[in-house]
């Protein structure tokens with residue numbers, strides 16, 4: 001529609017000019033001594049317009065000619081940016097494809113042509129790491145951090161630190177990785193990915209207190225699978241309570257949250273370590289509280305290991321109370337049998353252990369019954385139960 005309007009306007013102007021030129025009697029007289037030039041007004045106007053157009057075209061051509069070097073330079077820069085962008089894209093694709101040598105070369109091209117130097121350096125560092133070129137990787141990581149600092153970009157700085165920490169953890173340089181992660185978390189932010197990475201490094205380096213703190217944060221935000229959290233917590237408490245003296249165990253036990261102490265894996269780990277150091281009362285209390293919260297067969301087996309002469313009666317009463325709730329638990333009957341054996345109640349011990357074997361043949365019941373038979377002078381029967389235990393095991 002706009003084009004039609006301009007065509008109509010152009011033809012209208014042409015008709016108007018032709019009418020003016022036909023009926024215009026004016027003329028222009030120019031004196032250029034000693035000559036005189038006379039022409040019609042219409043011709044003069046046409047010459048003026050033509051002169052203006054020529055001058056305009058000349059000026060435009062001159063300006064374009066003067067601007068030509070800048071345009072050539074801009075064209076070359078644009079081509080270089082496009083080449084760098086394609087190189088960076090190729091580096092990313094090659095990284096995901098696992099073609100790390102090509103990814104490293106493409107990242108170098110992108111970086112040399114100035115296309116997102118931090119990202120190109122990080123991609124190149126990851127590719128160099130996968131190729132086992134640690135020196136090139138460390139150099140690219142340092143350059144990425146320097147470029148991010150120069151650009152003042154918080155996101156680029158975090159990306160560089162996170163990549164460096166991840167590669168250090170992959171190389172099992174856990175202490176250095178934790179230092180980098182501490183620098184990353186210095187402003188106060190807590191990234192889930194960084195916390196998971198830190199947890200892996202802490203677990204391998206034996207920083208159990210820090211690992212527990214991170215596990216609690218991940219659990220609070222539901223950022224890790226419950227099975228991973230439970231296993232890591234169990235490993236952490238095993239590292240904290242195993243191989244230390246009784247005084248240290250008591251001190252650390254006071255700092256364990258009650259809710260965690262009631263979890264069966266944690267209770268097993270801590271109670272076993274306490275029992276090994278002779279802290280039977282503390283171990284027994286942990287097992288009892290955990291079993292009151294929920295049944296666990298391994299905890300019941302451990303409960304007999306926490307027996308003390310002064311507490312045997314109370315332990316038997318506790319087990320009888322559990323038997324009301326879990327009447328068909330063979331492991332509970334084995335525990336009762338072992339406790340009765342320690343109290344030298346041989347008849348009751350034999351009764352409980354035979355009931356356990358009637359419910360489910362198991363190695364622990366055969367071994368306990370073998371010890372009862374041996375203590376009561378039934379050597380042949382004890383040997384038979386030992387053989388049955390070996391067969392079941």
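General observations
- Taking 7 Å steps out from each Cα toward its Cβ at residue 216 and residue 139 produces label points 4.6 nm apart.
- Förster radius 56 Å - calculated FRET efficiency between residue 72 and residue 41, Cβ distance, rounded to 0.05: 0.75
- Shown is the FRET efficiency for residue 321 and residue 250, computed with R0 = 35 Å from the Cβ-Cβ distance and rounded to the nearest 0.05: 0.80.
- Alpha-carbon centroids, segment 192-269 and segment 294-366: separation in whole Å: 30 Å
- Taking the longest Cα principal axis of the chain as reference, the axis of helix 379-392 is set at about 10 degrees.
- Compactness of segment 34-161, expressed as Rg and Dmax over alpha-carbon positions, Å: 28.0, 93
- Based on the Stokes-Einstein relation at 20 °C and a viscosity of 1.002 mPa s, and on the Kirkwood radius from alpha carbon pairs, segment 172-221 is assigned a translational diffusion coefficient of 199 µm²/s.
- For segment 225-306: span of alpha carbons on each principal axis (Å, largest first): 33, 24, 18
- Over the chain - Rg/Rh using Cα atoms and the Kirkwood inverse-distance radius: 1.48
- Computed lengthening from residue 312 to residue 363, 0.36 nm per intervening residue step minus Cα-Cα distance: 16.0 nm
- Label sites at residue 83 and residue 60, each approximated as a point 7 angstrom past Cα along Cα to Cβ, lie 3.3 nm apart.
- Exposure proxy shown here: for 93, 37, the number of other Cβ atoms within 10 Å sets the order, fewest to most, as 37, 93.
- Per residue, the convex hull volume that the Cα atoms of segment 19-89 enclose (Å³): 103 Å³
- Value at 222 nm in deg cm²/dmol, rounded to 500, when DSSP H runs of n ≥ 4 in the chain each add -39,500 (n - 2.57): -26000 deg cm²/dmol
- Of 179, 195, 48, the one that fluctuates the most in a GNM where the chain has Cα springs shorter than 10 Å: 48
- Contact order relative to length of the chain, as percent, for alpha carbon pairs under 8 angstrom and 6 or more apart: 5 percent
- Taking all Cα pairs closer than 8 Å and separated by 6 or more residues, the relative contact order of segment 87-203 comes to 17 percent.
- P(r) histogram, all alpha-carbon pairs of segment 228-272 included - 10 Å bins from 0, percent: 29, 61, 10, 0
- Estimated FRET transfer efficiency when R0 is 41 angstrom, pair residue 242-residue 381 (beta carbons, to 0.05): 0.60
- Cα-based helix-to-principal-axis angle, 134-151 vs the chain, degrees rounded to 10: 60 degrees
- Longest to shortest principal axis, alpha-carbon extents of segment 323-393, angstrom: 36, 27, 14
- Relative contact order %, segment 225-306, counting alpha carbon pairs below 8 Å whose residues are six or more apart: 28 percent
- Over all pairs of different C-alpha atoms, segment 256-345 has a mean inverse distance whose reciprocal, the Kirkwood radius, equals 12.9 Å.
- In degrees, nearest ten, helix 363-375 long axis to first principal axis of the chain (Cα): 20 degrees
- Dividing the Cα radius of gyration of segment 132-257 by its Kirkwood radius returns 1.06 for Rg/Rh.
Readers should treat all values here as calculations from the given coordinates under stated rules, not as data from a laboratory. As the structure is a prediction and not an experimental result, all values here were calculated from the model. Glycine gets a Cβ as well: all are built from the backbone with ideal geometry, and neighbour counts include every protein chain shown.
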